[in-house]
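Step one of this worksheet: look at the structure below.
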Amino acid sequence: MGLLPFSAGDSPNNSTKGHGPVPNGDTPVNPTTNSSTRRRGRWPLLMLPVLGVMLLLAAVGCDSDAHQSILAPTPWSLEGAKGPVAREQLLLFNVLLWTMVVVFVLVEGALLYAAVRFRRRPGDPLPPQTHGHTPLEIAWTIVPTILILGLGVWSVIVLFELEPGKAVALARAEGKEPLVVEAVGHQWWWEFRYEDALPNDEGGELVTTANEMRVPVNTPVIMELKSDDVIHSFWIPKLVGKQDVVPTRTNKLWFLAEETGMYYGQCAEFCGTAHAQMKFRVHVLDEIDYQAWVNGWGGELAEPLSTEAARGQLVFLGAGQCVTCHTVGAPDTVDPETGDGVQRARMDTFIAYTKWLDKPAKERLLDVRTGNEPPTAFAAPNLTDLGDRTTIGAGLVDLNRETLRQWLRDPESIKQGNRMSELAAIYQTRLDHRADLSEAELSDLVEYLMAQK
Ligand code: HEC
Ligand SMILES: [Cu+2]
């Protein structure tokens with residue numbers, strides 16, 4: 001039958017014989033008579049729309065200036081990769097990609113050439129039938145084997161280069177320690193915890209922030225990736241490739257940023273409603289700015305609270321019940337027994353609570369009757385340095401007084417599915433699910449939060 005499904009020239013006679021559901025056996029289809037009626041099909045015309053759609057899709061994905069793009073860093077230059085890890089990954093990707101492109105073009109080209117050049121024409125006799133060609137078969141076994149072995153071995157080498165041990169070695173070669181940052185994926189925001197934000201100084205500076213991490217330039221940074229709910233994936237395209245963030249285990253990766261500036265990150269594993277809005281930012285600062293940020297974190301506020309901000313604080317601590325979820329201001333107090341911070345304690349409570357929700361209803365009822373149910377608690381972004389951040393809603397919108405006010409009044413209008421309007425009591429009392437706060441209370445809250453630097 002026709003080479004392609006669209007070949008329009010088959011005679012009705014042939015097509016019933018060829019495509020009939022049950023061959024009737026008495027008139028077997030003879031390939032030589034079949035070909036005599038073949039005409040050129042209209043497939044190129046029909047392929048046009050398909051090609052158009054493919055080009056359109058390619059063009060849509062091509063905006064390499066966009067915040068997040070599969071083409072930044074671009075596959076054909078190493079410019080976009082802003083550190084050794086990204087560069088090594090990109091190089092491996094490039095060599096794999098272009099090797100495959102060459103193999104594809106050669107094999108597909110030979111196939112197309114043979115199909116067109118040696119196609120059967122009307123009246124052609126059966127061509128000579130041959131079997132095997134030893135040199136050719138040896139060649140096309142050996143060449144791919146060498147290719148695949150080479151690329152495979154190189155991939156494994158790169159994999160080992162990405163182990164955090166490499167970051168430690170790199171830092172120690174310069175007489176330093178690498179910076180270790182814990183990233184916790186939450187539905188749908190990122191928490192960044194530094195057990196020791198200045199690893200080369202005395203004393204462990206504890207810092208907790210959300211959605212915007214800060215790191216010093218030219219310093220190896222080891223990321224410890226954890227999740228408190230579902231699987232997320234940590235990705236900073238220009239600095240380091242993706243790594244899954246899996247509940248109950250700690251995955252690690254490292255990166256080093258060679259240029260100061262801001263880098264976009266994104267959760268790259270579907271994790272629920274607001275997955276696409278689970279972004280983050282990495283601010284790469286020079287050593288001095290970074291130290292200033294760490295030393296300023298959680299200490300005295302830059303300025304004393306204004307009257308409005310002081311009123312806002314009261315709403316934050318009382319009427320708004322924001323403190324049931326958010327930590328603000330004072331350094332993340334350490335629990336003397338576990339050595340963990342308040343935010344961590346809250347997170348553990350949260351995990352215990354969600355585990356408890358998984359228990360069968362009967363058992364939960366029994367727990368409630370006997371007073372054994374765990375306390376409810378929710379993990380939420382630490383707001384200590386909110387005034388220094390550039391976004392809210394996990395990298396979603398720029399932070400300013402208007403957006404902050406809108407977020408507080410109705411988080412859902414900025415980020416659908418967010419856990420704040422789903423769980424905070426002040427959003428449960430009005431029919432339109434907006435905050436049960438007056439305009440004045442909102443203004444005061446905004447002033448209070450913006451003062452957190
Ligand atoms: C039930 C717990 C809970 C309560 C109560 C709560 N929040 Fe939130 N809040 C969250 C969660 C969870 C997020 C993260 C939402 C997201 O980005 O998906 C959040 C995000 C925020 C953000 C944005 C932070 C960022 O970096 O993106 C601000 C600001 C904020 N909350 C302020 C408040 C204020 C002010 C109150 C009190 C009026 C409050 N929250 C009450 C859970 C809560
Ligand atoms: Cu996610």
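Just so you know, all these numbers are worked out from the coordinates, no wet-lab data involved. Just so we're clear, the structure is a prediction, and the values are computed from it rather than from any experiment. Reconstructed Cβ throughout: ideal geometry from the backbone, glycine too, with neighbour counts over all protein chains shown.
Please compute the modelled spin-label separation between LEU317 and GLU202, points set 7 Å along Cα→Cβ, answer in nm with one decimal.
Using points 7 Å along Cα→Cβ, the separation is 3.3 nm.
Can you list residues whose amide H is under 5 Å from ARG214's amide H, if they're 5+ apart or on another chain and H is modeled 1.01 Å from N?
The answer is HIS283.
Go ahead and run the numbers for FRET between LYS176 and ILE231, Cβ-Cβ distance against an R0 of 30 Å, rounding to 0.05.
0.35
Each residue of the range 257-265 in order: what ³J(HN,Hα) in whole Hz does its phi give by Karplus 6.51 cos²θ - 1.76 cosθ + 1.60, θ = phi - 60°, with x for Gly and Pro?
Values per residue, Gly and Pro as x: 9, 8, 10, 5, x, 10, 10, 8, x Hz.
Could you name the aspartates and glutamates in cross-link range of LYS359, using Cα to Cα under 13 Å and dropping any fewer than eight places away on the same chain?
Straight-distance partners of LYS359: ASP367, GLU373.
Once you put a point 7 Å from the Cα of GLU259 and another 7 Å from the Cα of ARG409, both along the Cβ direction, what distance in nm separates them?
4.0
Taking 0.36 nm per residue of separation and subtracting the Cα-Cα distance, what length does fully extending LEU48 through VAL116 add?
Computed gain between LEU48 and VAL116 is 22.5 nm.
Explain nothing, just compute: Karplus ³J(HN,Hα) = 6.51 cos²θ - 1.76 cosθ + 1.60, θ = phi - 60°, for every residue of the range 48-57 in order, whole Hz, x for Gly and Pro.
Running phi through 6.51 cos²θ - 1.76 cosθ + 1.60 with θ = phi - 60° gives 4, x, 4, 4, x, 4, 5, 4, 4, 4 Hz.
Length gain on complete extension for the stretch LYS242 to GLU79, per 0.36 nm per residue less the alpha carbon to alpha carbon distance?
Extra length available between LYS242 and GLU79 comes to 56.8 nm.
Calculate, for ILE148 and ARG369, the FRET efficiency according to 1/(1 + (r/R0)^6) with r their C-beta to C-beta distance and R0 51 Å; round to the nearest 0.05.
FRET efficiency, ILE148 to ARG369: 0.20.
Ranking LEU396, LEU91 by Cβ neighbours within 10 Å, fewest first, what do you get?
Result, fewest neighbours first: LEU91, LEU396.
Quick one: what Rg and Dmax do you get for the range 90-134 from the alpha carbons, in Å?
When restricted to Cα atoms, the range 90-134 yields Rg and Dmax of 17.0, 54 Å.
Residues of the range 153-193 with backbone nitrogen within less than 18 Å of a virtual label 7 Å along the Cα-to-Cβ line of VAL95, please, listed as ranges.
Under 18 Å, as judged by backbone N against the label point of VAL95, lie 153-163 of the range 153-193.
Can you work out the Karplus-derived ³J(HN,Hα) for every residue in the range 225-235? Use 6.51 cos²θ - 1.76 cosθ + 1.60 with θ = phi - 60°, whole Hz, and x for glycine or proline.
Taking θ as phi minus 60°, the curve returns 9, 9, 9, 10, 9, 10, 7, 10, 9, 9, 8 Hz for the range 225-235.
Using modelled backbone amide H atoms (1.01 Å from N, in-plane), which distant-in-sequence or interchain residues come within less than 5 Å of TRP254's amide H?
MET223
What lysines sit close enough to LYS176 to cross-link, taking a C-alpha to C-alpha distance under 18 Å and skipping anything fewer than 8 places away on the same chain?
LYS166
How do CYS325, CYS267 rank when sorted from fewest to most other Cβ atoms within 10 Å of their own Cβ?
CYS325, CYS267
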